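Remarks on the structure that follows.
The values are calculated or read from the model by the stated rules, or taken from the named source; none is laboratory data. On a predicted model such as this, the values are computed, not experimentally measured, just so you know. Note that each Cβ is placed from the backbone with ideal geometry, even for glycine, and that neighbours are counted across all protein chains shown. SASA here: full protein model, heavy atoms, side chains in, ligands and nucleic acids out. Shrake-Rupley method; radii C 1.70, N 1.55, O 1.52, S 1.80 Å.
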Amino acid sequence: MPEPSPSAFRPYDAAAFEGPRPRRRREMPDGLWMRCPQCEATLFTKIVHENLDVCPDCEWHFRIGARRRVEQLVDTGSFEELFRQIAPTDPLGFQWLGQTYAERLQKEQAKTGQTEAVLTGIAYIKGRRLVLGVMDSDFLMGSMGSVLGEKITLLIERATESRLPLVIVCASGGARMHEGALSLMQMGKTSAALARLDDAGGLYVALLTDPTTGGTTASFAMLADIILAEPRALIGFAGQRVIANTIKAELPEGFQRAEFLLEHGFLDGIVHRKDLRSEISRLIDYTMP
Ligand SMILES: [Zn+2]
């Protein structure tokens, strides 16, 4: 192989460069612009926020935290939080990647301002009083630990006693591995509480948002009287790769998306974020005496 000429290794000298000069990047404050994962448009964050965190070009529904959801969904200032004092502990002394579960919880609490991955309370939607739970996928992926299960159960019991309609906005990555089997027990606990609500003739509306998966789907998310979802929300039990590897088959187009589930009878409806308030109040009027 011939020796490369020494000039090939000459370090780049900006002063000697004679071609067109690249424009200097203007400094942009963080978070001013965002990118839509569906249509890939670059969007002005403020415009997206004013549009209920929905892409103005393609209607992609961005994920939102629990506080933001409450702001968008209920009558202004009507939310009264319940059960905030119930905070998670680290019953198993779980450690992962050099971090204890207790340390991880502190970080998640500082990040989201929540004590757990669900915000629970009483609120009004278009003047209708209801019991509301909103899961937060920003908090440990909205995973279902024992305190999340406990708060959901208390909420269901509050709806049963007070005879108010129950609405739960689901967003979850599934069971919380940091709590092992204690996390799995929440499926049975919430389901039993829902059975008692049903016996008492209560109304339960679930809104499945992106993503609703694992133990949450396998329990309270799918046990509602009316199951709604946001457009394009990912809803499933196991992950797609696990399913494809197990059944050794290619999964159909749009598998585990809200539209696919509606077509196959798992959902009662898909509701655009801007229509949620009117749809939920309509359902309450229609079903509650
Ligand atoms: Zn878009």
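When the Cα gyration tensor is reduced to axis lengths a ≥ b ≥ c, the ratio a/c is 1.5 or higher for the stretch 188-238, and with a/b not above b/c it is classed as oblate.
Seen through its C-alpha gyration tensor, with square-root eigenvalues sorted a ≥ b ≥ c, the chain comes out prolate because a/c lies at 1.5 or above while a/b is bigger than b/c.
Scanning the chain for trypsin sites (Lys or Arg not before Pro) lying in DSSP loops with no more than 11 further Cβ atoms inside 10 Å, the longest uninterrupted stretch between such sites is 27-247.
Spatially, the stretch 221-250 and the stretch 39-81 are offset by 24 Å when compared through their Cα centroids.
Taking every C-alpha pair closer than 8 Å and separated by at least 6 residues, the mean separation divided by the residue count of the chain gives a relative contact order of 13 percent. FRET efficiency for the pair M177 and F255, taken as 1/(1 + (r/R0)^6) with r the Cβ-Cβ distance and R0 = 22 Å, rounds to 0.35. Once both labels are positioned 7 Å from their Cα atoms along Cα-to-Cβ, the gap between D57 and T246 label points is 3.7 nm. The alpha carbon gyration tensor of the stretch 91-220 gives principal lengths a ≥ b ≥ c with a/c of 1.5 or higher and a/b greater than b/c, which makes the shape prolate. Where only DSSP H runs of four or more residues are counted, the chain gives -9500 deg cm²/dmol as its mean residue ellipticity at 222 nm, each run worth -39500 (n - 2.57). Note on surface exposure: M135, M177 rank M177, M135 by accessible area, highest first, 1.4 Å probe.
Here the Karplus relation 6.51 cos²θ - 1.76 cosθ + 1.60, evaluated at θ = phi - 60°, turns the backbone of the stretch 32-45 into coupling constants of 6, 10, 9, 10, 7, x, 8, 9, 6, 5, 8, 10, 6, 3 Hz, with x for every Gly and Pro. What the phi angles of the stretch 78-85 give under the Karplus curve with 6.51, -1.76 and 1.60, with θ = phi - 60°, is a coupling list of 8, 7, 10, 6, 10, 6, 5, 6 Hz, glycine and proline written as x.
Database note for the chain: Cys without another Cys beta carbon under 4.7 angstrom, C170.
Residues D210, D285, D57, sorted by accessible area with the largest first, give D57, D285, D210 [1.4 Å probe; ligands and nucleic acids excluded].
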